[in-house]
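Down below is the structure, laid out as structure tokens.
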Amino acid sequence: MLEVVSNRLQGRTAVVTGAGSGIGRASARRLAAEGAHVVVADIDPAAGKAAADEVGGLFVSVDVTVEEEVKQLYEVARETFGRVDIAFNNAGISPPEDGSILSTGLDAWRRVQDVNLTSVYYCCKYALPHMLEAGKGSIINTASFVAVMGAATSQISYSASKGGVLAMSRELGVEFARQGVRVNALCPGPVNTPLLQELFAADPERAARRLVHVPLGRFAEPEELAAAVAFLASDDSSFITASTFLVDGGISGAYVTPV
Ligand SMILES: NC(=O)c1ccc[n+]([C@@H]2O[C@H](COP(=O)([O-])OP(=O)(O)OC[C@H]3O[C@@H](n4cnc5c(N)ncnc54)[C@H](O)[C@@H]3O)[C@@H](O)[C@H]2O)c1
């Protein structure tokens, strides 16, 4: 756990989707540790409640693919805490049915687009009015390093969805800049999650094939993404908007990596 040195989010309200696990959960912890009221939004009630309890936050059960539920999420956050300062739109999936374009069917394609991209459209659409009314806000949408580089081990709908999140975030960042709302796309490199660990424990060669491309020589810890989220959420990043905010261990900047 990183040492938390600031109180810079004191009194702010942060809504985090997919906060029951991984990057979202670590971010909920970090945002709360820096003083924010955290609204934990997740489709998984057990994980979501546990995360909310851990951070003294509010759990709201939400399927981010359902427009009305997303609208209500921000209304509940506003009613409960009086404001919506930070929206971390992070829920996402990468199911095994999504692979090469040659083998990926339309159902898998659409499901991934719905959860990863259309959800971010809903989240921004319904978080923005609260922020515009206040004349201030920070939206952070989780894209991925795959939005800026290609992989031979394709997940075609996932990569396309993250490209969409990146372009949408950039456009919103530009559109609303002069109204006080910043919008950035967080682009994590590969993160050390239980799923990834399991996958690579079963196949060390697969892990090595990926690790060789990362200049830092390891995957990110969720807490390292959470630190970037807290920065983008705070006024410390007041001149950063419409950015492709890469937190990727250098992977997107590398040709030959250190031995
Ligand atoms: N883990 C990585 O290596 C990595 C790398 C780059 C980008 N990302 C992105 O970061 C985000 C978080 O990834 P993670 O690894 O922490 O994932 P995770 O699987 O650990 O957590 C995702 C959370 O989202 C929730 N969720 C899934 N579908 C939902 C829905 N329809 N409505 C509401 N909640 C839903 C899940 O219940 C879960 O709690 C995703 O958008 C992912 O694409 C992850």
**Zone of E205's modelled label, taken as backbone nitrogen in segment 87-126 under 19 Å from a point 7 Å along Cα→Cβ** = none
**Message:** Out of all Cα-Cα pairs in segment 104-167, roughly what percent, to the nearest whole number, are more than 20 Å apart?
**Reply:** 36 percent
**Prompt:** For segment 28-91, what mean projected area does the convex hull of the alpha carbons give, in nm²?
**Reply:** 4.0 nm²
**Item:** Full-stretch length increase - Q10, T153 - with 0.36 nm per residue and alpha-carbon distance subtracted
**Value:** 47.2 nm
**Item:** Mean projected area in nm² (Cα convex hull; one quarter of hull surface) for the chain
**Value:** 13.7 nm²
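Specify the longest stretch of the chain that does not include any exposed loop site, a site being one of the chymotrypsin sites (Phe, Trp or Tyr not before Pro) with a non-H, G, I, E, B DSSP assignment and at most 12 other Cβ atoms within 10 Å.
1-238
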**Request:** With springs only between Cα atoms under 10 Å apart, run a GNM on the chain and tell me which of N192, N184, N116 wobbles the most.
**Result:** N192
**Request:** Return the long-range amide H neighbours of V247 (sequence gap of 5 or more, or a different chain), with a cut-off of under 5 Å between placed amide H atoms.
**Result:** C187, G189
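Give me the percent of DSSP beta bridges within segment 1-90 that run antiparallel, rounded to the nearest 5.
Beta bridges within segment 1-90, antiparallel portion: roughly 0 percent.
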**Request:** Enter the angle in degrees (range 0 to 90, nearest 10) between the Cα long axis of helix 119-134 and the first principal axis of the Cα atoms of the chain, meaning the one along which they spread out most.
**Result:** 30 degrees
**Fill in**
Listed residues E175, E224, E198; largest mean-square fluctuation, Gaussian network over the chain with Cα springs below 10 Å, found at E198
**Added length on full extension, which subtracts the Cα-Cα distance from 0.36 nm per residue, V259 to L195** = 20.4 nm
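Of D235, D63, D114, how do they rank once you tally other Cβ atoms within 10 Å and put the fewest first?
D235, D63, D114
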**Request:** Name the most mobile residue of S103, S161, S237, meaning the one with the largest mean-square fluctuation, in a Gaussian network model of the chain with Cα contacts below 10 Å.
**Result:** S103
**Asked** Taking only Cα atoms, what is the 0 to 90° angle, nearest 10, from helix 22-33's long axis to the longest principal axis of the chain?
**Response** 40 degrees
**Request:** Based on other C-beta atoms within 10 Å, arrange H213, H130, H37 from fewest to most.
**Result:** H213, H130, H37
**Item:** In Hz, Karplus ³J(HN,Hα) per residue of segment 9-20 (6.51, -1.76, 1.60; θ = phi - 60°; x = Gly, Pro)
**Value:** 10, 3, x, 7, 10, 10, 9, 10, 8, x, 7, x
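From the C-alpha gyration tensor of segment 1-129, pull out the three semi-axes of the equivalent ellipsoid (sqrt of 5λ each), sorted largest to smallest, in whole Å. List each step's numbers first, then the result.
On the way: eigenvalues 152, 56, 29 Å².
Working through the eigenvalues yields semi-axes of 28, 17, 12 Å.
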**Asked** Setting aside same-chain residues fewer than 8 positions from K162, which lysines have a Cα under 26 Å from its Cα?
**Response** K71, K125, K136
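Counting only C-alpha contacts under 8 Å and six or more residues apart, can you give the relative contact order of the chain as a whole percent?
Relative contact order, the chain: 19 percent.
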**Message:** If you fit an axis through the alpha-carbon atoms of helix 222-233 and take the longest principal axis of the Cα set of the chain, what angle between them do you get, 0 to 90°, nearest 10?
**Reply:** 40 degrees
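Just so you know, all these numbers are worked out from the coordinates, no wet-lab data involved. Quick caveat: nothing in here was measured; it's all calculated off a predicted structure. FYI the Cβ positions are ideal-geometry reconstructions off the backbone, even for glycines, and counts take in every protein chain you see.
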